[in-house]
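Novice: The structure is given below, and queries will be raised subsequently.
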Amino acid sequence: MAELCGIVGIGQTKLAAKRVDVSMPGLVREAADRALLDAGLGWADIDAVVVGKAPDTFEGCMLPELYLADSLGAPGKPLLRVHTAGSVGGSTAIVAASLIQAGIHDRVLTVAYEKQSESNAMWGLTISAPFGVAVVAGAGGFFAPLVRGYIRRSGAPADVGIRVAVKDRLNALKNPYAHLHLKDISHEMVEQSPMLWDPIRLLEACPSSDGACAMVLAREDLAQRAPTPPAWIHATAMRSEPTMFAGRDAINPEAGKMAARDLYAKAGITNPRREIDCAEIYVPFSWFEPMWMENLGFAEEGAGWRMTLEGATALDGDLPVNMSGGVLSSNPIGASGMLRFAEAAMQVRKQAGEHQIEGARRALGHAYGGGSQYFSMWIVGSEKP
Amino acid sequence: MVEPVKSIVTPIRLEYDYTPGRATSRFLRGIAQHRILGQECPSCLKVYVPARGSCPRCAVPTEREVDVQDSGTVVTFSIVRVPSENIHFELPYACASILLDGAGIPFFHVLQGLAPEEVRMGMRVKARWVPTEKLGPTIASIECFVPSGEPDAALETYGEHT
């Protein structure tokens, strides 16, 4: 039987377009310091460090985990880097948790970050492969055709994506850490924003952000002594699949469905919509909210958009989604998955401030990456499983 | 008071040798001869284009070579209005996921010869090749796809590939 693992410290930086006041080491240190402060612990209390970020080609900083070792207090300790594209923040937290669950370490610091202002993600993602021709412009270029396919397949009204974009930006106004604070956000404003990758408009896409997120995880008996009650990990799951194979459903990928089934089975959940109080999921382009509602089993296939239209995913709905403002409001790519996982933990620890869901006892954190081919997710609770 | 330096730009570039492997090598040599070679999976019978030597779904080698048509159907697409350094098409352009006739998996290429707002799912298209003397072992030997003028394909014929 695995050891029980609790999240005892959570920290994040202000997420912003440009953090020129700090270097990459300064950025991760800021998040880690805050997580330690929240946990009431010092650097000497940490046994191992697990760090995650998106591809090295973004900032052009190769093996950043070595460069960051000092600022993460890693000398003399195990230091491990995880990489699963955009889902990396989530899978990094899961790898860190597994070190505790396996009984290997007592307290682990996990950190994920991205400094997009020092990077060129469009270049890094617009692959000019040998013998090939580059036609897919960045992440939006890859995902826009999937969004078009989803709209056609589900028969969703054309403005569902706009509604998600407005909802998440309104939520972000309640989150002081969020990058985008668009005070006058409205349906019209999103609708009139330029088409970047038709059918994805500028305001239906995530921004480019600098930021880091950190968590301190601890073994059961140590977690119980934390100054703020911990978030207990009820279940974690990861799955992957190849980017391309004949018969692949890239809109509703099998790997995501498998991960969700595994996650609910481990957590003893049979009706996720009823048994989960809120969900923070990876939505870099607005239409991915309804798409993931279906993939995660919160809605029947083809019906995810109804949850958005009916207001079920709003802060006062029956399944609030992306309370923090989500990836649509802040996207430090490598950190984005961990921010989702951290928000779920903050909710069950009652630390979410103005975007706190009253009575949240069990929350889902979710991340995906690559061409919708990596999935990582966890369920955390205020009570032990 | 001197303005402090907060960041500098240091461009990087990558040059690499690429070994395409047996299946992709044959595909690329085929392209240089104006042929599109796929490989059929012996288990699910889907035809992979470009050929890649195996079927990830069935986990078996794909050995039987099949000629695939240079005509196909737009299964989904996006109109790109964002510039990117690696992309050399004039904006806006249509990036289309195209299912070639005889293929079991679509691939991305650029669709030209019509206004972006006229592009639609199910549209029939054909390859426009570079002049014969410029043919080489690269997908760029297909300059782009253009409308073929045939009636649109029904959703049932390509829906599973969106």
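Novice: Considering only the stretch A:147-164, I want to know if a residue exists there that is modelled with pLDDT of 80 or more, facing another protein chain (nearest Cβ under 7 Å), out of contact with any Asp or Glu (no Cβ under 7 Å at 6 or more places or on another chain) and closer than 30 Å to B:Leu28 by Cα.
Specialist: Going residue by residue through the stretch A:147-164, those that are modelled with pLDDT of 80 or more are A:147-164.
Those left that are additionally facing another protein chain (nearest Cβ under 7 Å): A:148-149, A:152-153.
Next cut, out of contact with any Asp or Glu (no Cβ under 7 Å at 6 or more places or on another chain) only: A:148-149, A:152-153.
Right, trim to closer than 30 Å to B:Leu28 by Cα and you get A:149.
Yes, the conditions are met somewhere in the stretch A:147-164.
Novice: Scanning the stretch B:71-86 for residues that are out of contact with any Lys or Arg (no Cβ under 8 Å at 6 or more places or on another chain) and touching a residue at least 24 places away in the same chain (Cβ under 8 Å), which turns out surrounded by the fewest Cβ atoms within 10 Å (Cβ to Cβ)? Write out each step before concluding.
Specialist: Keep residues of the stretch B:71-86 that are out of contact with any Lys or Arg (no Cβ under 8 Å at 6 or more places or on another chain), which gives B:75, B:79-86.
Going one step further and asking which of them are touching a residue at least 24 places away in the same chain (Cβ under 8 Å), we end up with B:75, B:79.
Details: B:Val75: 25, B:Ile79: 23.
Filtering the stretch B:71-86 for residues that are out of contact with any Lys or Arg (no Cβ under 8 Å at 6 or more places or on another chain) and touching a residue at least 24 places away in the same chain (Cβ under 8 Å), the one surrounded by the fewest Cβ atoms within 10 Å (Cβ to Cβ) comes out as B:Ile79.
Novice: Hey, another quick one. Which of the residues spanning the stretch A:102-127 are among the polar types (S, T, N, Q), more than 23 Å from A:Ile46 (Cβ to Cβ) and either touching a helix residue (DSSP H, G or I) at 6+ places or on another chain (Cβ under 6 Å) or assigned to a loop (DSSP other than H, G, I, E, B) (or both)?
Specialist: To start, the set of residues in the stretch A:102-127 that are among the polar types (S, T, N, Q) comprises A:110, A:116-117, A:119-120, A:126.
Of the ones still in play, those that are also more than 23 Å from A:Ile46 (Cβ to Cβ) are A:116-117, A:119-120, A:126.
Listed by number, the residues that qualify are A:Ser119, A:Asn120, A:Thr126.
Novice: So, one more: Looking at the stretch B:67-74, can you tell me whether even one residue there is closer than 15 Å to B:Ile36 by Cβ and aliphatic (A, V, I, L, M)?
Specialist: Yes, that holds for at least one residue.
Novice: If I ask for residues that are closer than 14 Å to B:Pro50 by Cα and either more than 9 Å from chain A (Cβ to nearest Cβ) or in a loop (DSSP other than H, G, I, E, B) (or both), which ones from the stretch B:81-114 would you list?
Specialist: Let us first name the residues in the stretch B:81-114 that are closer than 14 Å to B:Pro50 by Cα, namely B:97-109.
B:Ile98, B:Leu99, B:Leu100, B:Asp101, B:Gly102, B:Ala103, B:Gly104, B:Ile105, B:Pro106 - these are the residues of the stretch B:81-114 that are closer than 14 Å to B:Pro50 by Cα and either more than 9 Å from chain A (Cβ to nearest Cβ) or in a loop (DSSP other than H, G, I, E, B) (or both).
Novice: Could I ask something else about it? Please specify each residue of the stretch A:240-274 satisfying the condition of being within 14 Å of chain B (Cβ to nearest Cβ), touching a Ser or Thr at 6+ places or on another chain (Cβ under 9 Å) and outside any loop (DSSP other than H, G, I, E, B).
Specialist: The answer is A:Ser240, A:Ala255.
Novice: Got a number for residues in the stretch B:56-80 being more than 7 Å from every other protein chain (Cβ to nearest Cβ) and part of a strand (DSSP E or B)?
Specialist: Qualifying residue count, the stretch B:56-80: 12.
Novice: State whether one or more residues within the stretch B:52-64 are surrounded by 14 or more Cβ atoms within 10 Å (Cβ to Cβ) and touching a Leu at 6+ places or on another chain (Cβ under 7 Å).
Specialist: no
Novice: Determine, yes or no, whether A:Ser87 is touching a helix residue (DSSP H, G or I) at 6+ places or on another chain (Cβ under 9 Å), at pLDDT 95 or above and over 24 Å from A:Glu220 (Cβ atoms).
Specialist: Values: touching a helix residue (DSSP H, G or I) at 6+ places or on another chain (Cβ under 9 Å): yes; at pLDDT 95 or above: yes; over 24 Å from A:Glu220 (Cβ atoms): yes.
For A:Ser87, the condition - touching a helix residue (DSSP H, G or I) at 6+ places or on another chain (Cβ under 9 Å), at pLDDT 95 or above and over 24 Å from A:Glu220 (Cβ atoms) - is met.
Novice: Select from the stretch A:64-88 the residues that are in contact (Cβ under 8 Å) with a residue 12 or more places away in the chain and on the phi > 0 side of the Ramachandran plot and list them in ascending order.
Specialist: Correct list: A:Gly73, A:Ala85.
Novice: Could you count how many residues in the stretch B:1-44 are more than 25 Å from B:Asp67 (Cβ to Cβ) and not hydroxyl-bearing (Ser, Thr, Tyr)?
Specialist: Selection size over the stretch B:1-44: 14.
Novice: Name the residue that is nearest to the other protein chains (Cβ to nearest Cβ), counting only residues in the stretch A:220-239 that are more than 30 Å from B:Glu156 (Cα to Cα) and part of a strand (DSSP E or B).
Specialist: Applying the filter and picking the extreme gives A:Met238.
Novice: Restricting to the stretch B:70-112, count the residues that are touching a Leu at 6+ places or on another chain (Cβ under 6 Å) and either under 22 Å from B:Lys126 (Cβ atoms) or basic (Lys, Arg) (or both).
Specialist: 7
Novice: Take the residues of the stretch A:184-216 that are assigned to a strand (DSSP E or B) and within 14 Å of chain B (Cβ to nearest Cβ): which is nearest to A:Arg34 (Cα to Cα)?
Specialist: Pass one, the stretch A:184-216, residues assigned to a strand (DSSP E or B): A:195-198, A:200-201, A:205, A:210-216.
Keeping just the survivors that are within 14 Å of chain B (Cβ to nearest Cβ) gives A:195-198, A:200-201, A:205, A:210.
Working: A:Met195: 38, A:Leu196: 37, A:Trp197: 38, A:Asp198: 40, A:Ile200: 36, A:Arg201: 35, A:Ala205: 29, A:Asp210: 17 Å.
It comes out as A:Asp210.
Novice: A:Val135 fails exactly one of the following numbered conditions: (1) in a loop (DSSP other than H, G, I, E, B); (2) within 14 Å of another protein chain (Cβ to nearest Cβ); (3) in contact with a strand residue (DSSP E or B) (Cβ under 7 Å, 6 or more places away or on another chain); (4) within 29 Å of A:His179 (Cβ to Cβ). What is the number of that condition?
Specialist: (4)
Novice: Within the stretch B:94-113, is even one residue in the same structural domain as B:Glu160 (by TED's automatic domain parsing), over 23 Å from B:Arg29 (Cα atoms) and of a type in the set (Val, Ile, Thr)?
Specialist: No, the stretch B:94-113 contains no residue that is in the same structural domain as B:Glu160 (by TED's automatic domain parsing), over 23 Å from B:Arg29 (Cα atoms) and of a type in the set (Val, Ile, Thr).
Novice: Of the numbered conditions (1) modelled with pLDDT of 95 or more; (2) closer than 30 Å to A:Asp198 by Cα, B:Val49 satisfies every one except a single condition; which is it?
Specialist: If we test B:Val49 against (1) modelled with pLDDT of 95 or more; (2) closer than 30 Å to A:Asp198 by Cα, just (1) comes out false.
Novice: Okay, next question. Does any residue of the stretch A:18-32 turn out to be under 25 Å from A:Ile100 (Cα atoms) and part of a loop (DSSP other than H, G, I, E, B)?
Specialist: First pass over the stretch A:18-32, keeping only residues under 25 Å from A:Ile100 (Cα atoms): A:28-32.
In the following step, the residues that additionally are part of a loop (DSSP other than H, G, I, E, B) were identified as none.
No, there is no match, as no residue in the stretch A:18-32 is under 25 Å from A:Ile100 (Cα atoms) and part of a loop (DSSP other than H, G, I, E, B).
Novice: Which residues, counting only those in the stretch B:122-148, are more than 9 Å from every other protein chain (Cβ to nearest Cβ) and over 13 Å from B:Gln112 (Cα atoms)?
Specialist: B:Gly122, B:Val130, B:Pro131, B:Thr132, B:Glu133, B:Lys134, B:Leu135, B:Ser141
Novice: Are any residues in the stretch B:14-27 within 11 Å of chain A (Cβ to nearest Cβ) and either surrounded by fewer than 20 Cβ atoms within 10 Å (Cβ to Cβ) or at positive phi (or both), and if so, which ones? First the steps, then the outcome.
Specialist: Of the stretch B:14-27, the ones within 11 Å of chain A (Cβ to nearest Cβ) are B:14-20, B:24-25, B:27.
Those that are within 11 Å of chain A (Cβ to nearest Cβ) and either surrounded by fewer than 20 Cβ atoms within 10 Å (Cβ to Cβ) or at positive phi (or both): B:Leu14, B:Glu15, B:Tyr16, B:Asp17, B:Tyr18, B:Thr19, B:Pro20, B:Thr24, B:Ser25.
Novice: A further question on this structure: Can you report the number of residues in the stretch A:280-327 which are of a type in the set (Ser, Thr, Tyr) and either more than 16 Å from the chain's Cα centre (by Cα) or surrounded by fewer than 22 Cβ atoms within 10 Å (Cβ to Cβ) (or both)?
Specialist: Number of matching residues: 2.
Novice: Give me a count of the residues in the stretch B:127-157 that are buried (at least 19 other Cβ atoms within 10 Å of the Cβ) and touching an Asp or Glu at 6+ places or on another chain (Cβ under 6 Å).
Specialist: Final tally of qualifying residues: 1.
The values are calculated or read from the model by the stated rules, or taken from the named source; none is laboratory data. The structure presented is a predicted model; accordingly, all values stated were derived computationally and were not measured. Because the Cβ atoms are built from the backbone with ideal geometry, glycine has one as well, and the counts that use them run over all protein chains shown.
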